[in-house]
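Report on the following structure.
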Amino acid sequence: MNTIDDIIRARRSHFVKEFNGLTVPEEVIQRVLENARWAPSHKLTLPWKFRVFSGEEKNVLCQTMERYYMEHTPVEQFNEGKLAKIRTFPSKISHIISIGFVPSEKVPEWEELAATAMAVQNIYLTLTAHPHAAGYWTTGNGAGSDFMKKQTGLPETGKQLGFFFVGMVDEKRHDAERPHQ
Ligand SMILES: Cc1cc2nc3c(=O)[nH]c(=O)nc-3n(C[C@H](O)[C@H](O)[C@H](O)COP(=O)(O)O)c2cc1C
């Protein structure tokens, strides 16, 4: 994978059911976070707040997601399959990166939301360069709630934008379709 075109187009979301349960090396996580920091932000406010959960702390967060699903899902939407999937999280996911930002009030809030999304793209692209480390941005599992804001250590003024689930996969998928625009 050499050119920028190749890297952008080979980037894929890999999901929990594809994770093999192995641990992503710490240096990969550090590289992901360092490259996230190189995203552009107006007035260089670097608004994003990423918090990495690994090991036992990651397992506790997964259990919190399970509890959140049980306590917040309306009865008519409750799905045993979804619950069973959440219960696989601790054994499948290697690291969870909570995605959030804190508005600096130096620029409009939407610009800092946009800058944070660009930082997440850098996470995605950095993982693309690794043969087995992979993941995806999820906005399910209580993302955006005040409850998850507290659980992930964001201040009251912060915005919680979901989670990047990271894991190891045996083989990456690279092909995808994009409709013509
Ligand atoms: C802001 C955002 C939120 C997302 N939330 C979810 C999600 O909650 N669940 C999910 O399965 N995928 C989620 N995704 C991943 C998309 O489903 C995925 O990017 C899309 O299917 C295209 O696949 P690709 O990333 O491999 O190109 C999200 C992506 C973005 C950018």
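Observations on the structure shown:
- Of Trp48, Trp38, Trp137, the residue with the greatest mean-square motion in the GNM of the chain, using alpha carbon springs below 10 Å, is Trp38.
- Count of Lys pairs (Cα-Cα under 14 Å; at least 8 positions apart or interchain) in region 13-168: 10
- About the Cα centre, charge dipole magnitude for region 13-168 (Lys/Arg +1, Asp/Glu -1 at Cβ), debye: 140
- A simple spin-label model places pseudo-atoms 7 Å from Cα toward Cβ; at Leu113 and Glu57 they are separated by 2.8 nm.
- The chain, accessible surface, carbon-and-sulfur percent (1.4 angstrom probe): 53
- Top of Ala115, Ala36, Ala129 by mean-square fluctuation, Gaussian network on the chain, Cα under 10 Å: Ala129
- Viscosity 1.306 mPa s, 10 °C: Kirkwood-radius Stokes-Einstein D of the chain over Cα pairs, µm²/s: 93
- Taking Thr23, Thr73, Thr157 in turn, the Gaussian network model of the chain (Cα-Cα springs below 10 Å) assigns the largest fluctuation to Thr73.
- In a reduced charge model with +1 at each Lys and Arg Cβ and -1 at each Asp and Glu Cβ, region 1-101 shows a dipole moment near 200 debye about its Cα centre.
- Computed [θ] at 222 nm, deg cm²/dmol, the chain (DSSP H ≥ 4; -39,500 (n - 2.57); rounded to nearest 500): -13000 deg cm²/dmol
- Across region 166-177, rounded Karplus estimates of 3J(HN,Hα) from the backbone phi angles (6.51 cos²θ - 1.76 cosθ + 1.60, θ = phi - 60°) give 10, x, 9, 10, 5, 9, 8, 8, 10, 7, 7, 9 Hz, Gly and Pro being marked x.
- Relative contact order (%) - criterion: Cα under 8 Å, at least six apart; region: the chain: 37
- Computed over protein heavy atoms with a 1.4 Å probe, the accessible surface of region 12-64 works out to 58 Å² per residue.
- Each distinct pair of alpha carbons in region 5-74 adds a 1/r term; the inverse of their mean, the Kirkwood radius, is 15.6 Å.
- In a DSSP loop and with at most 13 other Cβ atoms within 10 Å, the trypsin sites (Lys or Arg not before Pro) in region 3-108 are Arg37, Lys106.
- Exposure rule at most 16 other beta-carbon atoms within 10 Å, DSSP loop GluC sites (Glu not before Pro): the chain longest free segment: 1-104
The values are calculated or read from the model by the stated rules, or taken from the named source; none is laboratory data. Since we're looking at a predicted model, the values are computed, not measured. Because the Cβ atoms are built from the backbone with ideal geometry, glycine has one as well, and the counts that use them run over all protein chains shown. Remember, those area values only see protein heavy atoms, side chains included, never the ligands or the DNA or RNA. Shrake-Rupley method; radii C 1.70, N 1.55, O 1.52, S 1.80 Å.
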